[in-house]
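The values are calculated or read from the model by the stated rules, or taken from the named source; none is laboratory data. Keep in mind that this is a model prediction, so the values were computed, not measured. Cβ atoms come from the backbone with ideal geometry, glycine included; neighbour counts cover every protein chain shown. The protein model used for the area step is the full one, side chains on, heavy atoms only, and it has no ligands, DNA or RNA in it. Shrake-Rupley method; radii C 1.70, N 1.55, O 1.52, S 1.80 Å.
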Amino acid sequence: MTHRATVDALERLVVAAVALTTRSLSAARPELDLTLAQWRVLLVLGEAENGATVSQVAGRIGVTLPATSRQLRRLERRGLVEIGQDETDRRATRVRLSIEGRAVRRDVIAF
């Protein structure tokens, strides 16, 4: 397989994955109207029981700290995440999935 064919195959795979994810988001929890960006945050936060710091989330999703903070506040207002002070580093802010956030993440993945 040539380099161009590999790139084309990977691009088709990514487009299909985004389409499937979008469908799962709207079908599993249509009332939430989650964006792909919000879904990426829920995925990252669900990887560890104790969540992640805002910096860790920003680094994983490739977005600036201010943009990540805005996204996290939106998710907090929707009851999907809990934002608080990191217990081991009081300078850091730690974000965890709420009970509802864990349920949403589980439902979308199961769909």
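Computed values, structure above
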item	result
Residues whose placed amide H lies under 5 Å from that of residue 29, excluding near-sequence neighbours	none
Mean Kyte hydropathy of -0.5 or more with a Cα span along the axis of at least 27 Å, helices from DSSP in the chain	3-28
Candidates 101, 51, 79: whichever shows maximal mean-square fluctuation once the chain is modelled as a Gaussian network with Cα springs under 10 Å	79
Proximal charge balance of residue 24 [Cβ under 15 Å; K/R count +1, D/E count -1]	+2
Under-5 Å amide H pairs with residue 92, H placed in peptide plane, nonlocal only	86
Solvent-accessible heavy-atom area per residue, rounded to whole Å², over the stretch 1-62 at 1.4 Å	63
Excluding exposed DSSP-loop trypsin sites (Lys or Arg not before Pro) (at most 13 other C-beta within 10 Å), longest clean stretch of the chain	1-89
